[in-house]
Amino acid sequence: MNARSITDLHEEIAKVLVNRLKRNPQSAIMTYKELCELVENKIDPRNVATYIGDLSIWCSDIDAPMISALIYNQRRNIPGKGFFRLFSDLYGGNVKKEEEELVFINELNKVLQYQTWEKLEEYLGL
């Protein structure tokens, strides 16, 4: 498990994402700002990356895809730089700027097709 402790906000964000994935995966894709609004603005969009990054690390622990692929930067229409750094850390290599869109789409497709998000809920004690 990641050295970082699971907080109430981690749990709340995970519940939002997993519930949306279970109901309709296509509706789970959102901006950082939209995610913050869904957790009643308990965190600023500029700080949410730490939380979704932790969730993706915990996904890696259970062999699930990076759930943070669901969250994207509204201006660029892809996740922020932290997503690609974490992807490189988890899977090796270095994601080049010209590869970012393809890496994002591939990981997003894995998230949308993944069927056992209950593993993450169990892992987090939800």
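The values are calculated or read from the model by the stated rules, or taken from the named source; none is laboratory data. Since the model is a prediction, treat every value here as computed from it, not as a measurement. Cβ atoms come from the backbone with ideal geometry, glycine included; neighbour counts cover every protein chain shown. Heads up: the accessible areas ignore ligands, DNA and RNA and are worked out on the full protein's heavy atoms, side chains in. Shrake-Rupley method; radii C 1.70, N 1.55, O 1.52, S 1.80 Å.
For segment 74-126, the set of trypsin sites (Lys or Arg not before Pro) satisfying both a DSSP loop assignment and a count of at most 13 other C-beta atoms within 10 Å is given as 75, 76, 96. Specify whether the C-alpha gyration tensor of the chain places it in the rounded, prolate or oblate class, a ≥ b ≥ c being the square roots of the eigenvalues: rounded for a/c under 1.5, otherwise prolate if a/b is larger than b/c and oblate if not. Rounded, since a/c falls under 1.5. Springs join every pair of Cα atoms under 10 Å in this Gaussian network model of the chain, and among 34, 99, 107 the largest mean-square fluctuation is at 99.
The label-point distance for residue 31 and residue 85, in a model that sets each label 7 Å from Cα toward Cβ, rounds to 2.3 nm.
For residue 31, the residues whose modelled amide H falls within less than 5 Å of its own, excluding neighbours fewer than 5 places apart on the same chain, are 72. The number of Lys pairs in the chain with C-alpha atoms less than 14 Å apart, excluding pairs fewer than 8 positions apart on the same chain, is 5. If only the Cβ of Lys and Arg carry +1 and only the Cβ of Asp and Glu carry -1, the dipole of the chain around its Cα centre is close to 360 debye.
For segment 87-101, the residues whose amide N sits under 13 Å from a probe point set 7 Å from the Cα of residue 77 along the beta carbon direction are 101.
Protein heavy-atom accessible surface, 1.4 Å probe, per residue over segment 42-92: 48 Å². For the pair residue 23 and residue 97, the difference between a 0.36 nm per residue extended length and the Cα-Cα distance amounts to 23.3 nm. Sorted into 5 angstrom bins from 0, the C-alpha pair distances of segment 11-59 split as 5, 21, 33, 29, 12, 1 percent. Going by accessible surface with a 1.4 Å probe and the largest first, 89, 44, 54 read 89, 44, 54. Of the residues 38, 21, 55, the one that moves most in a GNM of the chain with alpha-carbon contacts below 10 Å is 38.
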